[in-house]
Amino acid sequence: MSRELIYNGFLHLTPNHHSHGYWRTPEGQVQYNYNQLDAYVKTVKTLENGLFDTLFIADVVGVYDIDYGDGKTTISAGTQFPEPDPITILSALGLATENLGLVVTSNVIQTHPFSFARQISSLDEFTRGRIGWNIVTSYLSNGFRNYGYQDIVPHDERYAWAQEYLDVAYKLWELSWEEGAVLHDPATNRFFDADKIHKINHVGKRYRVEGPHIVEPSPQRSPVFFQAGNSDAGRRFAARNAEVTFLPSQTPDTARKDIAILNQDVVDFGRQPEDLKKLVMLSTVIGSTEEEAKRKQQYLFDNIDINALQGFYSGGSGIDLANIDPDTPLTELSRREEFSQHMRSKFRIAVDADYGQGRVLTWREYLIQHALLPGRFAGTPEQIADRVQQFADAGVDGFNVVPITTLGWWDEWVEHVVPVLQKRGLAQTAYKPGTLREKIFGKESKLPASHPQRTLRLGE
């Protein structure tokens with residue numbers, strides 16, 4: 001059954017997000033505007049014209065320096081480097097749009113929760129309730145060293161850290177100011193009711209925050225919580241806290257299985273499955289015919305910078321993969337003891353899924369077909385809509401739409417794909433009123449009473 005889905009326009013403020021090497025092609029030259037605000041203003045206007053739900057801005061706070069231990073490969077390729085702070089442009093993008101949600105990635109290591117909560121409340125106020133927060137814990141060792149840590153914090157401990165960070169921010173957003181604290185009443189000479197504004201007095205393992213929150217409640221109070229975590233700890237964090245999460249699923253069948261597991265986790269935390277929207281990545285090469293789409297896709301594959309892609313994947317996995325011969329069979333890598341069980345499992349899954357289409361799947365093919373995000377699917381707008389429908393039938397609520405290049409691709413998607421999706425009832429034809437949370441869930445602008453954070457109390 002057709003239904004309207006959520007569409008996030010994915011973006012990095014960088015010359016080369018996941019499209020390693022494409023900047024060298026004539027089609028990729030537009031990416032040189034990555035450090036110009038006008039380019040992003042144009043992008044959000046295009047997304048809003050295409051009735052996207054949000055602009056989703058990804059971010060990292062370090063370089064991918066695992067390969068050969070120095071990061072020169074990825075730096076030379078402009079692979080998520082440089083990386084301006086995305087929160088700095090949200091006010092401008094909010095002024096240029098009226099309905100588009102603005103989701104910003106902010107790492108728990110980069111900003112103290114008191115400062116971050118203040119920034120988000122301000123932005124949510126200035127955009128009339130259109131802010132979301134992508135909660136991340138960082139996977140780059142260099143990022144941790146940039147903030148004074150000797151090395152990356154162990155994986156599960158990072159999620160415990162993120163939970164306390166969110167707890168602090170939540171208390172500031174939701175508990176510091178009672179309803180009715182804002183008066184603006186000349187008759188009683190009270191701008192605010194001071195008795196309804198409270199210190200939070202948080203004392204935890206990592207933070208001591210007295211409060212009160214020094215920004216009055218914004219339209220949503222808390223931003224819409226986005227999160228992507230594929231590990232057991234990450235999935236549990238999403239099930240407890242997130243309102244929108246990104247699944248690693250690459251096929252409708254795997255999406256159906258991943259959703260079933262996640263829904264049980266959600267229920268275990270006292271929530272309903274519909275409280276957490278599940279999105280998958282969608283990155284397409286668009287052609288007027290299937291032959292044209294496949295030809296364009298092959299052109300992109302032919303222009304991949306394989307060294308940059310290896311360096312990117314090394315940084316993301318935390319394992320130096322740069323010395324692997326690109327023609328090594330993946331079945332061999334899946335048996336190597338120097339790789340973690342998680343990595344070996346990923347290799348075996350790829351082999352079982354037959355990404356090599358009957359051939360011996362090599363490390364190069366794995367990188368291109370699995371690790372490389374853009375251009376995984378090539379087809380006509382109608383074929384793309386078929387693909388969207390298949391995921392929708394599997395229970396997916398929407399898509400993180402990753403462009404082939406950093407900028408300049410959206411016009412093609414909005415002009416050719418959006419009308420087909422709308423005709424099939426798979427994309428909205430008008431924006432719903434209200435805040436971002438109201439638009440996504442069709443309910444109130446505040447966090448629902450069933451959200452686990454509602455159990456928190458001041459002083460705890």
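The values are calculated or read from the model by the stated rules, or taken from the named source; none is laboratory data. The structure presented is a predicted model; accordingly, all values stated were derived computationally and were not measured. In this analysis, Cβ positions are derived from the backbone assuming ideal geometry, glycine residues included, and neighbour counts consider all displayed protein chains. Ligands, DNA and RNA are stripped out before the accessible areas are found, and what is left, the full protein with its side chains, is counted by its heavy atoms. Shrake-Rupley method; radii C 1.70, N 1.55, O 1.52, S 1.80 Å.
If you go through region 187-196 one residue at a time, do you hit one that is open to solvent by less than 40 Å² (accessible area, probe 1.4 Å) and under 18 Å from ALA117 (Cα atoms)? No: zero hits. Residues in region 298-329 that are farther than 23 Å from PHE144 by Cβ and either within 28 Å of the chain's Cα centre (by Cα) or modelled with pLDDT under 80 (or both): GLN298, TYR299, LEU300, PHE301, ASP302, ASN303, ILE304, ASP305, ILE306, ASN307, LEU309, ASN323.
Out of curiosity, is SER138 among the small types (Gly, Ala, Ser), closer than 19 Å to PRO86 by Cα and in a helix (DSSP H, G or I)?
On the way: among the small types (Gly, Ala, Ser): yes; closer than 19 Å to PRO86 by Cα: yes; in a helix (DSSP H, G or I): no.
Taking the combined requirement at face value, the residue does not satisfy it.
Applying the condition of being among the charged types (D, E, K, R) and assigned to a loop (DSSP other than H, G, I, E, B) to region 81-125 and asking which residue is farthest from THR54 (Cα to Cα) yields GLU83. Scan region 197-216 for residues that are open to solvent by 20 Å² or more (accessible area, probe 1.4 Å) and in a strand (DSSP E or B) and the total you get is 3. Being hydrophobic (A, V, I, L, M, F, W, C) and either buried (at least 20 other Cβ atoms within 10 Å of the Cβ) or outside any strand (DSSP E or B) (or both) is a description that applies to PHE226. When restricted to residues that are under 20 Å from the mean Cα position of the chain (by Cα) and either among the small types (Gly, Ala, Ser) or surrounded by 17 or more Cβ atoms within 10 Å (Cβ to Cβ) (or both), region 84-96 contains 7. Do we have GLN389 as open to solvent by 30 Å² or more (accessible area, probe 1.4 Å), under 22 Å from ALA255 (Cβ atoms) and modelled with pLDDT of 85 or more here? For GLN389, the condition - open to solvent by 30 Å² or more (accessible area, probe 1.4 Å), under 22 Å from ALA255 (Cβ atoms) and modelled with pLDDT of 85 or more - is met.
Here ASP411 fulfils each of the conditions (1) surrounded by fewer than 17 Cβ atoms within 10 Å (Cβ to Cβ); (2) at pLDDT 95 or above apart from (2).
Yes or no: ILE120 of a type in the set (A, V, I, L, M) and touching a Phe, Trp or Tyr at 6+ places or on another chain (Cβ under 7 Å)? Outline the logic, then answer.
On the way: of a type in the set (A, V, I, L, M): yes; touching a Phe, Trp or Tyr at 6+ places or on another chain (Cβ under 7 Å): yes.
When the stated conditions are applied, ILE120 passes them.
Of all residues in region 108-133, those satisfying the criterion of being open to solvent by 10 Å² or more (accessible area, probe 1.4 Å) and modelled with pLDDT of 95 or more are HIS112, PHE114, SER115, ARG118, GLN119, SER122, LEU123, GLU125, PHE126, ARG128.
For GLY148, state whether it is open to solvent by 20 Å² or more (accessible area, probe 1.4 Å), within 26 Å of THR88 (Cα to Cα) and without any contact (Cβ under 8 Å) to a residue 60 or more places away in the chain.
Values: open to solvent by 20 Å² or more (accessible area, probe 1.4 Å): yes; within 26 Å of THR88 (Cα to Cα): yes; without any contact (Cβ under 8 Å) to a residue 60 or more places away in the chain: yes.
It is true that GLY148 is open to solvent by 20 Å² or more (accessible area, probe 1.4 Å), within 26 Å of THR88 (Cα to Cα) and without any contact (Cβ under 8 Å) to a residue 60 or more places away in the chain.
Cβ separations smaller than 7 Å between residues 6+ apart or across chains give the following pairs from region 72-85 residues that are at positive phi to residues that are open to solvent by 10 Å² or more (accessible area, probe 1.4 Å) and not hydrophobic (A, V, I, L, M, F, W, C): GLY78/PRO15.
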